[in-house]
Structure formats: structure tokens, C-alpha cells
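Notes follow the structure.
Coordinate-derived values only; no laboratory data. In this text, all values refer to a predicted model and were calculated from it rather than measured experimentally. As a convention, Cβ positions derive from the backbone with ideal geometry for all residues, glycine included, and neighbour counts pool all protein chains shown.
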Amino acid sequence: MNPPRTKHFPQQVLQKKPATPKSRSGGRDRFAGVNPKLAALLRKHFTKRRHAERIMHAQEALSVIEEVASSFKKLDAETIKWIAEDPDLEYL
């Protein structure tokens, strides 16, 4: 009976690479997988300068949406279905 074989790995495989610290200071491209022309437009539009302003507007819009949505909790399912199927809503 033959003894079981042992795997022999080259030294290169066994050596671990030293971990490199990743900086969060803009080194990463947010639009890396996007068409280059579109990425240029996105970089131009979404600047860091107006980041806080965009967040503020988004939070205001979310609060309005939540306020409107809370009124639908008072409606029964049949009324919501009737509203959704109303053909006049297409043209508002």
C-alpha cells in the first residue's frame, strides 16, 4: 500500500503580501465602471462643494414623501386600487 501524497507548494504561494492601508481621501473613483463621457458629466455635476446642499434637498423631499404616504395608511386597499386605476391620473 502506498503512503498518502502530500502537496508541495512553492514558496511564493505561502508568502503573504503585506497589507497596504487604504486611504479614503479621494483616491477611489466613484464612476470607474461608467462610460467615460458619462463619468465626466457626473464628476462635473456631483462636486464635493454642493454635497451638503444635495443631501439637505433630498432629506426635505423624503419628508414630503413620507407625509403624503402617511395619508394613504388611512385608506383601505380597495380605495387605493381605485385611485391607481384612475385613467385621469395619467395626465397629471
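Remarks
- Contour minus Cα-Cα distance for residue 78 and residue 48 (0.36 nm per residue): 6.2 nm
- Computed FRET value (nearest 0.05) for residue 41 with residue 62, which takes r as the C-beta separation and R₀ as 35 Å: 0.90
- Applying the criteria of a DSSP loop state and at most 13 other Cβ atoms within 10 Å to the trypsin sites (Lys or Arg not before Pro) of the range 36-92 yields 48, 49, 50, 73, 74.
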